[in-house]
Amino acid sequence: MTHILKPTHHLGNNMGEVPYFITLDEAVNIVKQYPLSLMAENISLDDAHGRILATDLASKVDDPAFDNSAMDGFAMRFEDTITPPTTLKITGLSQAGMGVEKSNVEPGCAYRIMTGAPMPNGADSILQIELCEVDEQHQTVTLVEQSKKHFIRKKAENLQKGQVALTKGSLLTPSKIGLCATMGYGEIPVTSKAKVAIISTGDELISPGQELQPGQLYESNSYGLAGLVKWLGHQPMRFNAVSDTINELREALDKAAQNCDVILTSGGVSMGDYDLVRKIMQEEGDLKFWRVKLRPGSPPLFGMWKGTPIFGLPGNPVSSHVVFRMIVAPWFRHSTSATGPIETQVRVKLADKVKSTEDCMTLRRIQIHSTEEGLIGTQPRHQGSGNLESLASADALTLLGPGQIGEVGEWIDALIL
Ligand code: AMP
Ligand code: MG
């Protein structure tokens, strides 16, 4: 059920009927109604790592392009080898990179052959070098076993010309980039990177590397969020932290809206008087929802700032990370049709009690240990949402549904970090 924040709500001010404290599914459904539309660009395979394929990719060739040997050894006619040991005359050589037009393996003969070299005409089987005794003086080879037909890699057994092996939205991992090359592509179309403004807010924040004064803390969210943006294949643009004044915030948001495709803010979305991101969005922005049933990470908002999508993430470092993973990342992936392998869920048996909540999806930081029984989850750290060390040392986040207990011995879903 969606709660609607009425204008009469104590914080309401030009709120209209903005969905308030909604479920995670509701939040994700709302953000997906405002997808980014990004162009495509051609890039070299050298630059493809972590990018998102913009179209389906069909192979330009058969793979392999010709029958070839899976072994170093000899190629011959199978019928010559059925009563081992068999001695055959060595009449030729097939090496990787050679053509085979003129080759012909006659009955009673064999060709030396190397891994990856084309099958010579007339031969239909291979025996690996370890099972061959070569007499160099007489140029003969004696096979101690029957030759093997399955040591031939058949033309097109991996991929046929025209076959679509990578689909639009694939995140280009090393093996997928290699596959692009195998299919004959030196350049590929990828989705252009979204320019993502990252704006931290708070009078107490200073950049790491400076001397910490009383009451200050090092600004960390923008660095973590920039990493998450890159992880999704996009381009972060970190702004300097903005102090808690409405004018400075407005100026930063305007600049971000002019120069970027999407805005991420951190901090200032709770109920307090200095929670100015929430306030400015209520008063001057186009707010689509505020607060989500997510723990940690219940304060976020989403809306439009002068036509640009804006995610107001919580200030607490763990919360901002969790909200990115659970709401912002699905939005990016939806916008680019991006498919894995980015989110991995596993089943984990809890070895420590994990505190859940009645009404929120609860994401606790756990460590995972592989045992004979399966994966075991422990919660060795205190779960304060300001405790970034507990996130950095965790392997996964629990995905405990509202009301799910989180008892010792319970099998639960967890999201790999
Ligand atoms: P806020 O939501 O602005 O009240 O912030 C909640 C908590 O997160 C406060 O303790 C802030 O000091 C802290 N915080 C806010 N922004 C950041 C940031 N960019 N990096 C590290 N901590 C932050
Ligand atoms: Mg603040």
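FYI, it's all coordinate maths here, none of it is from the lab. Here the structure is a predicted model, which means the values were calculated and not measured. A quick note on method: Cβ atoms are made from the backbone with ideal geometry, for glycine too, and the neighbour counts reach across all protein chains shown.
Can you give the FRET efficiency for Thr55 and Lys154, using 1/(1 + (r/R0)^6), R0 = 25 Å, r = Cβ-Cβ distance, to the nearest 0.05? All intermediate terms of the calculation are to be shown ahead of the outcome.
Values: r = 29 Å, r/R0 = 1.15.
So, using R0 = 25 Å, E works out to roughly 0.30.
Of the listed peptides 186-196, 320-330, what is their order by residue-averaged count of other C-beta atoms within 10 Å, with the highest listed first?
Working: 186-196: 19.2, 320-330: 24.3.
Listed from highest to lowest mean packing, they are 320-330, 186-196.
Taking the number of other C-beta atoms within 10 Å as the exposure measure, put Thr81, Thr201, Thr182 in order starting with the fewest. Can you show the working numbers first?
Values: Thr81 20, Thr201 27, Thr182 16.
Ascending Cβ contact count within 10 Å gives the list Thr182, Thr81, Thr201.
Quick check on segment 361-410: take the gyration tensor over C-alpha atoms, sort the square-rooted eigenvalues as a ≥ b ≥ c, and tell me if it's rounded (a/c under 1.5), prolate or oblate.
On the way: a/c = 2.32, a/b = 1.16, b/c = 2.00.
Because a/c hits 1.5 or more and a/b fails to exceed b/c, segment 361-410 counts as oblate.
Between Tyr274 and Glu101, with labels modelled 7 Å along Cα→Cβ, what's the label distance in nm to one decimal, could you check?
8.1
Over 31 Å between Cα atoms, which of Lys32/Lys176; Lys279/Lys349; Lys195/Lys288; Lys102/Lys148 qualify? Could the numbers behind the result be given before it?
On the way: Lys32/Lys176 27 Å; Lys279/Lys349 42 Å; Lys195/Lys288 22 Å; Lys102/Lys148 23 Å.
Those over the limit are Lys279/Lys349.
Quick one: which residues, 5+ away or cross-chain, put their amide H under 5 Å from the amide H of Cys360? H built at 1.01 Å from N.
So Cys360 has HN proximity to Gly403.
What value, in deg cm²/dmol to 500, does the helix sum -39500 (n - 2.57) over DSSP H runs of n ≥ 4 give at 222 nm once divided by the residues of the chain?
Numbers: 8 runs with 72 residues, N = 417.
After summing the helix terms and dividing by residue count, I get -5000 deg cm²/dmol.
Take Val164 and Gln258, extend 7 Å from each Cα along the Cα→Cβ direction, and tell me the distance between the two endpoints in nm.
4.2
So for Thr23, Thr398, Thr339, fewest C-beta neighbours within 10 Å to most, what's the order?
Numbers: Thr23 19, Thr398 24, Thr339 15.
Lowest count first: Thr339, Thr23, Thr398.
Using a Förster distance of 56 angstrom, determine the FRET efficiency expected from the C-beta separation of Gln235 and Glu130, and round it to 0.05.
Numbers: r = 53 Å, r/R0 = 0.94.
That gives a FRET efficiency of 0.60.
Mind listing which GluC sites (Glu not before Pro) in segment 25-123 are in a DSSP loop and have 10 or fewer other Cβ atoms within 10 Å?
Working: sites: Glu26, Glu41, Glu79, Glu101; in loops: Glu101.
Loop-located and lightly packed - Glu101.
Return the FRET efficiency for the residue pair Glu410, Ile206: r is the Cβ-Cβ distance, R0 is 45 Å, and the value is rounded to the nearest 0.05.
Values: r = 42 Å, r/R0 = 0.94.
Here the calculated transfer efficiency is 0.60.
May I ask for the equivalent-ellipsoid semi-axes of segment 231-281, computed as the square root of five times each C-alpha gyration tensor eigenvalue and listed largest first in whole Å?
Numbers: eigenvalues 90, 33, 16 Å².
Output for segment 231-281: semi-axes of 21, 13, 9 Å.
How long are the semi-axes of the equivalent ellipsoid of the chain, defined as square roots of 5 times the Cα gyration tensor eigenvalues? Whole Å, largest first.
60, 25, 18
Identify the trypsin sites (Lys or Arg not before Pro) of segment 16-94 meeting these criteria: DSSP loop state and at most 15 other C-beta atoms within 10 Å of the C-beta.
Details: sites: Lys32, Arg51, Lys60, Arg77, Lys89; in loops: Arg51, Lys60, Arg77.
For trypsin sites (Lys or Arg not before Pro) across segment 16-94 that sit outside H, G, I, E and B with at most 15 neighbouring Cβ atoms in 10 Å, the list reads Lys60.
Which angle between 0 and 90 degrees, to the nearest 10, do you get for helix 221-231 versus the longest principal axis of the chain when only C-alpha atoms count?
Compared with the principal axis, the helix lies near 30 degrees.
Within segment 111-174, list the trypsin sites (Lys or Arg not before Pro) lying in a DSSP loop whose Cβ has at most 15 other Cβ atoms in a 10 Å radius. If you can, show how the numbers build up before the last one.
Numbers: sites: Arg112, Lys148, Lys149, Arg153, Lys154, Lys155, Lys161, Lys168; in loops: Lys154, Lys155, Lys161, Lys168.
Counting only loop positions with at most 15 other Cβ atoms within 10 Å, the trypsin sites (Lys or Arg not before Pro) in segment 111-174 are Lys154, Lys161.
Please figure out what share of the DSSP beta bridges in the chain is antiparallel and state it in percent, rounded to the nearest 5. Write out the running numbers ahead of the final one.
Details: 58 of 87 bridges.
Around 65 percent antiparallel, to the nearest 5.
Obtain the nm distance between the two label points defined at Ala181 and Glu358 by a simple spin-label model: each point lies 7 Å from its Cα along the Cα-to-C-beta direction.
Inter-label distance under the simple model: 5.9 nm.
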